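First comes the structure, then the notes that go with it.
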Amino acid sequence: MTQDEMKQKVAEAALKYVKADTIVGVGTGSTANMFIDALAGMKNDIIGTVASSEATAERLQGHGIPVLELNEALSQVDSLSVYIDGADEFDSGKNLTKGGGGALTREKIVAAASDAFICIVDESKKVDHLGAFPLPVEVIPMAGALVANVARDLGGKPVLREGFMTDNGNIIIDVHGLTITDARGLEDHLNSIPGVVTNGIFSHQGADVVLMGTPDGVETIE
Ligand code: 5RP
């Protein structure tokens, strides 16, 4: 089975977590795109969706799936019923790194507004320690050099994502070479640097369930 076939299987498996008459948070990336395509078959069952990026909103709307702003959604319901998204890495504690597509901040916001986070990945995303995938940090542009210096002090190699601007008008610094043994501590530490909007460690907003695609089928990790 190819990596795309495994992604397709988990995207379809995630449909069982979509409850009728609720608002669903939707992630960003190639696996989330497959979920969006599958969700189109249920578009009349749900109130609507909240998108974690402009690209996701566009794809949802292309299928005729209603997209609400988060503030609008939370004026109608207390919380989104579920957030469904991919990840760049996950560990045994269901901590994640995300942001390969640069949508980490809105992804974290929508995840925080949801009752449960269902993470959909293929088996290549499973790691012993987060950090092999360069850790994205969204930064207000004037703080770029400051954040890069802190990343170097932590033993990482900061690299500006060239030619990229987030949906929020900020830059991304990808920090290479970190071995993350304390995901929550590093998430908090990086977020405490002035100018950091957020970083791609999802420990506070870790997954509740990981659906992992393998050549033998979909494994559910709870
Ligand atoms: C985007 C993300 C994605 O979830 C992550 O990059 C995984 O993407 P894909 O499903 O394409 O492998 O965090 O910001």
Problem - Residue exposure sequence - 77, 196, 10 - by fewest surrounding Cβ within 10 Å - result: 77, 196, 10
Exercise for the section: Over all alpha-carbon pairs in the stretch 170-222, figure out the percentage whose distance exceeds 13 Å. Expected result: 69 percent
Completion exercise
Site residue 176, offset 7 angstrom along Cα→Cβ, radius 19 Å on amide nitrogen, limited to the stretch 89-129, gives 89, 98-102
Exercise for the section: Sort out for me the Cα centre separation of the stretch 97-112 from the stretch 4-77, rounded to whole Å. Expected result: 15 Å
Exercise for the section: Give the share of C-alpha pairs in each 5 angstrom bin for the stretch 110-179, from 0 to the last occupied bin, in whole percents, shortest bins first. Expected result: 3, 15, 19, 17, 18, 18, 8, 1
Practice task
Mind grabbing the base-10 log of I(q)/I(0) for the stretch 79-122 at q = 0.19, 0.26, 0.27 Å⁻¹? Debye formula, identical points on the C-alpha positions, no solvent, two decimal places.
Solution key: -0.55, -0.99, -1.05
Exercise for the section: Restricting to the chain, compute how many DSSP beta bridges are antiparallel as a %, nearest 5. Expected result: 55 percent
Fill in the blank from the handout: dims of the chain, Cα set, principal axes, largest to smallest, nearest Å -> 50, 41, 30
Exercise for the section: List the equivalent ellipsoid semi-axes of the stretch 54-133 in whole Å, largest first, each obtained as the square root of 5λ for an eigenvalue λ of the Cα gyration tensor. Expected result: 26, 15, 11
Practice task
Using DSSP to define loop residues, name the GluC sites (Glu not before Pro) in the stretch 1-108 whose beta-carbon has at most 14 other beta-carbon atoms within 10 Å.
Solution key: 69
Handout entry: Rounded to 10°, Cα long-axis angle of helix 144-153 versus longest principal axis of the chain
Key = 70 degrees
Problem - Hypothetical label at residue 152: residues of the stretch 118-146 whose amide nitrogen lies under 12 Å (7 Å Cα-Cβ projection) - result: 145-146
Problem - Counted charge near residue 3, where neighbours are those whose Cβ lies closer than 12 Å (Asp, Glu -1; Lys, Arg +1) - result: -1
Handout entry: Degrees, to the nearest 10: 30-39 long Cα axis against longest axis of the chain
Key = 20 degrees
Practice task
Please name whichever of 3, 44, 71 sits farthest to the positive end of the charge dipole of the stretch 1-96, dipole taken about the Cα centre and charges placed at Cβ: Lys and Arg +1, Asp and Glu -1.
Solution key: 44
Practice task
Please work out the FRET efficiency for the pair residue 132 and residue 168, using the Cβ-Cβ distance as r and a Förster radius of 25 Å; give the result to the nearest 0.05.
Solution key: 0.40
Practice task
Find out how many positive minus negative residues lie around residue 154, taking Lys and Arg as positive, Asp and Glu as negative, among other residues whose Cβ is under 14 Å from that of residue 154.
Solution key: -3
Fill in the blank from the handout: Quick numbers on the stretch 14-103, Rg and Dmax over C-alpha atoms in Å, give 12.8, 37
Practice task
Quick one: of 43/125; 7/157; 19/125; 43/98; 43/126; 98/157, which pairs are farther than 21 Å apart, Cα to Cα?
Solution key: 43/125; 7/157; 19/125; 43/98; 43/126
Completion exercise
Env charge @ residue 108, Cβ radius under 12 Å, K,R +1 / D,E -1, value -2
Fill in the blank from the handout: Dividing the mean separation of Cα pairs under 8 Å (6+ apart) by the residue count of the chain yields a relative contact order in percent of 23 percent
Handout entry: Nearest-20 debye value, the stretch 103-154 charge dipole, Cβ charges on Lys, Arg, Asp, Glu
Key = 140 debye
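Just so you know, all these numbers are worked out from the coordinates, no wet-lab data involved. Note that the structure is a prediction, hence the values are computed from the model and not measured. Note: ideal-geometry Cβ built from the backbone for every residue, glycine included; neighbour counts use all protein chains shown.
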